[in-house]
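Q: If you scroll down you'll find the structure; I have some questions about it.
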Amino acid sequence: MNCAAAIISGMGCVSAAGRNLAETLASFAAPHRNAGPTTLFETPIRCPVFEVPTPPANPAHRQSRTLLLARQAVREAVAQARLDSRPPSGPIGVCLGTTVACQLNDVDFYAALRAGAEPSLAPVDRFLKGNPAEAVAADLGADGPRLTVANACSSGTDAIGVALSWLNAGLCAAVIAGGADELNRIPLDGFHALGVMSPAPCRPFDRDRRGLNLGEGAGVLVLETPAGAAARGMPTRLRLCGYGAACDAYHLTAPRPDGSGLEAAIRVALAQAGIAPAAIAFVNAHGTATRDNDKVEGAVLGRVFGAEIVVLSTKGFTGHTLGAAGGLEAVFTAAALRAGWIPASAGFENRDDEIPIAPVAARTPVHGAYALSTSLAFGGNNAALVFGWEEQELL
Amino acid sequence: MNIHGIGVVFARGRGVPALERALAEGWQPPAAGAPRLSYAVPPEALADRAAAPGLRRADRFSRLATLAAWDALRADGAPELAPARVGAIVATAFGPHVTTFKFLDDILSFGDAAVSPTTFSHSVHNAAAAYIAAALGLRGPTLTVTQFAFAFHEALRLAAAWIGEGRCDAVLVGAADEMGGVLARIAARKLRVAADGKIRPFAFAPSPATVPGEGAAFLLLSPAPSGAGFGRIADVTVGAGPRERPRPATLRSGAECRRAAPSVARRPPSCCAPSASSPPPSPTKRPAWRSAGRRRPRGSSGWFVQNGIASRGRE
């Protein structure tokens, strides 16, 4: 593939690690883990979760919590990219990933229907008006393509990949891309039923890991063409250089044991970026802390990059935020590449002899021009993004 | 993009012959026994011994989508394709909502800590795409997109972009949605459903009546020459609704990707394109508003979608 990189001109995030990027980096540096019991709804499931502690007010619950989180991250990213004061010369696209916001899963509404009542259709209206891409595009008056990606846990990563394809196809001049998801009763019950939730704070890649913790949040990038960013006078050193995706075609929930799908996705992303594996300074791994994910992912990373590759998982700070994970981790990866350091892989203590790589156990300086972020998902989806920090601005 | 295969599952059956037969026979009311008044896919259209091993546990939504995708990929004349070079994009508005409500039934009946993991894994929107990839052995990018307006058309444009940037040699693009009891009850309250089951297009007064339905349709798209006789998609234009700002977007204008995608060419906005053997039109006929960075004049083309799904070239 011979398409150009996209410039990252804005980033926004909200999660249990912080209400914006500055707070998040402070949590990473501390390091501070904000895991606790579920407070958003009643549940008998006693596993730690990563809730956003103080989301913005939502008067009369007229929008979903997912959309609330998405809008908060979008505002931060759009402000940083100065899209209002210096609008791009062409259409703006919106591509956001989610898992919760695309389902009509209001339990109270359904319970009333099931009981033969005719409940208020307000939850239906909230759902119909809550499609993340459609809602954010309407907020901003964005006039380019729009898509909500529902690719389970790789949704955010795939949404950013779609944005890169749109830019390279000339469909728009800039894209707001990422993912958002709220902590919700349905996936909490579902992941609990699958037996992959940890009763303690998660420990990605650790020998004694016992599963994942769910979280919530949103992570959003503003991406634009190099020429467009330069014309607007935006910094151009931070870039999205490649995206790869491949399917396992194996199982609905389990990763293919040989990891060939993830490896293919990584190699496609590297090829689009035009770099060799040795050019990658660090990998922000999917690292959910489930037995299967970490074993397969660790094997693939060792195979592609070697056992000494610098790796972390940020899910020890955010929990697994499902459709938001790819967006959040894209923001974290790009921000770390620019800052020149990555945090400790929270929760990791003991190396697993079955996994050829080990994440960093302390804050670590990183040197290099490229970094990788990976995502694996239900349905056998695998996705990877390559980020670049170039030495010079575009002229 | 040339159309190499078409798969369709709808209220009158499965496959292109069923579609052609339905068109020839004309309108028939929805079958009795469907959830409320809706065009439901008959059970026999979802029974398939060849595809059944891969669909043993699939719910209705995944089955609808997978059978349509199966037919599109295995159509007569479809090219031999490397599995890693074939992408799949599934567009849906509501996803597998019947399974979602079944999962809610689990919660309400048995409690949060005693639900079915199988039901949960089938309730995610991309379960159908996973079944498609597994049943057909596809190893390329697989994406599920969801929204209430133009999801399929945006999927078509993304497929063109994937092919244009060399990500795929071919892409299965389709749309699927199912009908269920809950959605039927919501539709009955939110929509003016035609009592006789007949949709009357463009009958706007007093307000347009509709009838819910379900089905799936897939196209196998590739720039390679096609002998299937299904024609090609010349252009996809997604417009703006009357209350929205216009949403102009060209199918492609990035120089690098334009060079890489010779099969996607601008055509006049007619619905039907000739077969793949016709020479592509000159790109110099591109309207001025389609140039990169230019916006289409407000209201210049309304809000209809010209999706260019072709008539069969041999006819």
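Q: Hey, A:Lys295 hits all of (1) buried (at least 24 other Cβ atoms within 10 Å of the Cβ); (2) out of contact with any strand residue (DSSP E or B) (no Cβ under 7 Å at 6 or more places or on another chain); (3) of a type outside the set (Gly, Ala, Ser) but one; which does it fall short on?
A: (1)
Q: Is there a residue in segment B:82-91 that is at positive phi, facing chain A (nearest Cβ under 8 Å) and either of a type outside the set (Lys, Arg) or surrounded by 23 or more Cβ atoms within 10 Å (Cβ to Cβ) (or both)?
A: Step one: of segment B:82-91, the residues at positive phi are none.
No, segment B:82-91 contains no residue that is at positive phi, facing chain A (nearest Cβ under 8 Å) and either of a type outside the set (Lys, Arg) or surrounded by 23 or more Cβ atoms within 10 Å (Cβ to Cβ) (or both).
Q: Return the total of residues in segment A:84-131 being touching a Phe, Trp or Tyr at 6+ places or on another chain (Cβ under 7 Å), at the interface with chain B (Cβ under 7 Å from one of its Cβ atoms) and over 25 Å from A:Leu171 (Cβ atoms).
A: Total meeting the criteria: 3.
Q: Hey, another quick one. For segment B:200-219, indicate whether the set of residues that are at pLDDT 95 or above and either farther than 26 Å from B:Arg232 by Cβ or within 14 Å of another protein chain (Cβ to nearest Cβ) (or both) is non-empty. Break it down stepwise before answering.
A: Applying the first criterion (at pLDDT 95 or above) to segment B:200-219 yields B:214-219.
Remaining after also requiring either farther than 26 Å from B:Arg232 by Cβ or within 14 Å of another protein chain (Cβ to nearest Cβ) (or both): B:214.
Yes, segment B:200-219 contains at least one residue that is at pLDDT 95 or above and either farther than 26 Å from B:Arg232 by Cβ or within 14 Å of another protein chain (Cβ to nearest Cβ) (or both).
Q: I'd like the residue in segment A:179-202 that is small (Gly, Ala, Ser) and touching a residue at least 40 places away in the same chain (Cβ under 8 Å) and, out of all such residues, is surrounded by the fewest Cβ atoms within 10 Å (Cβ to Cβ).
A: Step one: list which residues in segment A:179-202 are small (Gly, Ala, Ser), which gives A:179-180, A:190, A:193, A:195, A:198, A:200.
Checking the rest, the ones that are also touching a residue at least 40 places away in the same chain (Cβ under 8 Å) come to A:179-180, A:198, A:200.
Details: A:Gly179: 40, A:Ala180: 39, A:Ser198: 20, A:Ala200: 14.
Among them, the one singled out is A:Ala200.
Q: Please go through segment B:104-130 and pick out each residue that is crowded, with 24+ Cβ neighbours inside 10 Å and within 21 Å of B:Ala184 (Cβ to Cβ).
A: Scanning segment B:104-130 gives B:Leu104, B:His122, B:Ser123, B:His125, B:Ala128.
Q: Next question, about the same structure. Given the options B:Ala134, B:Ala129, B:Ala68, name the one that is more than 7 Å from chain A (Cβ to nearest Cβ) and of a type in the set (Gly, Ala, Ser). First the steps, then the outcome.
A: Details: B:Ala134 fails: more than 7 Å from chain A (Cβ to nearest Cβ); B:Ala129 fails: more than 7 Å from chain A (Cβ to nearest Cβ).
Going through B:Ala134, B:Ala129, B:Ala68 in turn, just one is more than 7 Å from chain A (Cβ to nearest Cβ) and of a type in the set (Gly, Ala, Ser): B:Ala68.
Q: How many residues are part of a loop (DSSP other than H, G, I, E, B) and within 14 Å of another protein chain (Cβ to nearest Cβ) when one looks only at segment A:367-395? Spell out the reasoning first.
A: As a first pass, look at segment A:367-395 and keep what is part of a loop (DSSP other than H, G, I, E, B): A:367-369, A:390-395.
After this cut, where a residue has to be within 14 Å of another protein chain (Cβ to nearest Cβ) as well, the list is none.
Final tally of qualifying residues: 0.
Q: Which count do you get for residues in segment A:311-351 that are acidic (Asp, Glu) and open to solvent by 10 Å² or more (accessible area, probe 1.4 Å)?
A: 1
Q: Using the structure shown, decide if A:Ala169 is within 13 Å of chain B (Cβ to nearest Cβ), touching a Cys at 6+ places or on another chain (Cβ under 8 Å), open to solvent by less than 10 Å² (accessible area, probe 1.4 Å) and closer than 29 Å to B:Leu104 by Cα. Show your work before the answer.
A: On the way: within 13 Å of chain B (Cβ to nearest Cβ): yes; touching a Cys at 6+ places or on another chain (Cβ under 8 Å): yes; open to solvent by less than 10 Å² (accessible area, probe 1.4 Å): yes; closer than 29 Å to B:Leu104 by Cα: no.
Here the answer is no, as A:Ala169 does not meet what is asked.
Q: Can I ask one more? Would a scan of segment A:103-126 turn up a residue that is closer than 30 Å to A:Arg239 by Cα and under 22 Å from the mean Cα position of the chain (by Cα)? Give the steps one after another, and end with the answer.
A: Taking segment A:103-126 first, the residues closer than 30 Å to A:Arg239 by Cα are none.
No, segment A:103-126 contains no residue that is closer than 30 Å to A:Arg239 by Cα and under 22 Å from the mean Cα position of the chain (by Cα).
Q: Just to check your reading of the model, which residue among A:Arg19, A:Arg86, A:Arg46 is under 15 Å from A:Val220 (Cβ atoms), surrounded by fewer than 23 Cβ atoms within 10 Å (Cβ to Cβ) and basic (Lys, Arg)?
A: On the way: A:Arg86 fails: under 15 Å from A:Val220 (Cβ atoms); A:Arg46 fails: under 15 Å from A:Val220 (Cβ atoms).
Only one candidate passes the filter, namely A:Arg19.
Q: Another one. Taking segment A:101-139, which residues are out of contact with any His (no Cβ under 8 Å at 6 or more places or on another chain), within 23 Å of A:Gly217 (Cα to Cα), surrounded by 18 or more Cβ atoms within 10 Å (Cβ to Cβ) and not aliphatic (A, V, I, L, M)?
A: Result: A:Asn105, A:Asp106, A:Pro123, A:Phe127, A:Gly130, A:Asn131, A:Pro132, A:Glu134.
Q: Restricting to segment A:140-162, name every residue that is open to solvent by less than 10 Å² (accessible area, probe 1.4 Å) and in a strand (DSSP E or B).
A: A:Leu147, A:Thr148, A:Val149
Q: If only one of A:Pro199, A:Pro204 is within 14 Å of chain B (Cβ to nearest Cβ), at pLDDT 95 or above, under 19 Å from A:Asp292 (Cβ atoms) and in a loop (DSSP other than H, G, I, E, B), which one is it? Full working, then the answer.
A: Numbers: A:Pro204 fails: within 14 Å of chain B (Cβ to nearest Cβ).
Checking each option against the conditions leaves just A:Pro199.
Q: Does A:Ala79 fit the bill of being surrounded by fewer than 24 Cβ atoms within 10 Å (Cβ to Cβ), of a type in the set (A, V, I, L, M) and more than 9 Å from every other protein chain (Cβ to nearest Cβ)? Steps first, answer last, please.
A: Values: surrounded by fewer than 24 Cβ atoms within 10 Å (Cβ to Cβ): yes; of a type in the set (A, V, I, L, M): yes; more than 9 Å from every other protein chain (Cβ to nearest Cβ): yes.
Answer is yes for this residue.
So that you can scan it fast, the table gives a plain yes or no per residue for (1) open to solvent by less than 20 Å² (accessible area, probe 1.4 Å); (2) of a type in the set (A, V, I, L, M, F, W, C); (3) under 18 Å from the mean Cα position of the chain (by Cα):
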position: A:Leu164; (1), (2), (3): yes, yes, yes
position: A:Pro204; (1), (2), (3): yes, no, yes
position: A:Leu212; (1), (2), (3): yes, yes, yes
position: A:Gly219; (1), (2), (3): yes, no, yes
position: A:Ala230; (1), (2), (3): no, yes, no
position: A:Met234; (1), (2), (3): yes, yes, no
position: A:Cys241; (1), (2), (3): yes, yes, yes
position: A:Ala246; (1), (2), (3): yes, yes, yes
position: A:Pro255; (1), (2), (3): no, no, no
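Q: Would you kindly identify the helices (runs of 4 or more DSSP H) lying entirely within segment B:79-155 that contain at least 2 residues that are modelled with pLDDT of 95 or more and in contact with a strand residue (DSSP E or B) (Cβ under 8 Å, 6 or more places away or on another chain)? Steps first, please.
A: Working: elements: B:97-110, B:117-123, B:127-136.
Passing ranges, in order: B:127-136.
Q: Restricting to segment B:157-183, name every residue that is under 21 Å from the mean Cα position of the chain (by Cα), assigned to a helix (DSSP H, G or I) and closer than 30 Å to A:Ala111 by Cβ. Explain how you work it out, then say what you get.
A: Residues of segment B:157-183 under 21 Å from the mean Cα position of the chain (by Cα): B:157-164, B:167-180, B:183.
Right, trim to assigned to a helix (DSSP H, G or I) and you get B:157-164, B:183.
The one that is under 21 Å from the mean Cα position of the chain (by Cα), assigned to a helix (DSSP H, G or I) and closer than 30 Å to A:Ala111 by Cβ: B:Leu183.
Q: Checking B:Arg49 against (1) assigned to a loop (DSSP other than H, G, I, E, B); (2) open to solvent by less than 20 Å² (accessible area, probe 1.4 Å), which single condition isn't satisfied?
A: Status for B:Arg49: all satisfied but (2).
Q: For segment B:161-177, enumerate the residues that are more than 7 Å from chain A (Cβ to nearest Cβ) and within 20 Å of B:Pro225 (Cβ to Cβ). Steps first, please.
A: Just the residues of segment B:161-177 that are more than 7 Å from chain A (Cβ to nearest Cβ), to begin with: B:163, B:168-177.
B:Ile163, B:Cys168, B:Asp169, B:Ala170, B:Val171, B:Leu172, B:Val173, listed by residue number.
Q: A further question follows. For A:Cys202, work out the one condition from (1) closer than 26 Å to B:Lys102 by Cβ; (2) in contact with a strand residue (DSSP E or B) (Cβ under 7 Å, 6 or more places away or on another chain) it doesn't fulfil.
A: The single condition A:Cys202 does not satisfy is (1).
Q: Identify, from the list B:Ala175, B:Ala184, B:Ala133, the residue that is more than 28 Å from A:Gly144 (Cβ to Cβ), surrounded by fewer than 24 Cβ atoms within 10 Å (Cβ to Cβ) and touching a residue at least 40 places away in the same chain (Cβ under 8 Å). Steps first, please.
A: Details: B:Ala175 fails: more than 28 Å from A:Gly144 (Cβ to Cβ); B:Ala133 fails: surrounded by fewer than 24 Cβ atoms within 10 Å (Cβ to Cβ).
The unique qualifying residue is B:Ala184.
Q: So how many residues does segment B:112-126 have that are over 17 Å from A:Gly323 (Cα atoms) and more than 7 Å from chain A (Cβ to nearest Cβ)? Outline the logic, then answer.
A: So the first thing to find is which residues in segment B:112-126 are over 17 Å from A:Gly323 (Cα atoms), and the list is B:112-119.
So of that shortlist, the ones also more than 7 Å from chain A (Cβ to nearest Cβ) come out as B:114, B:118-119.
Residues meeting the conditions: 3.
Q: Identify, by number, the condition in (1) in contact with a helix residue (DSSP H, G or I) (Cβ under 6 Å, 6 or more places away or on another chain); (2) touching a residue at least 24 places away in the same chain (Cβ under 8 Å) that A:Tyr110 doesn't meet.
A: (2) is the only condition that A:Tyr110 fails.
The values are calculated or read from the model by the stated rules, or taken from the named source; none is laboratory data. Quantities reported herein were computed from a predicted structural model and do not represent experimental measurements. Please note: Cβ atoms are built from the backbone with ideal geometry, for glycine as well, and neighbour counts cover all protein chains shown. Side chains included, ligands, DNA and RNA excluded: accessible areas come from the protein's heavy atoms. Shrake-Rupley method; radii C 1.70, N 1.55, O 1.52, S 1.80 Å.
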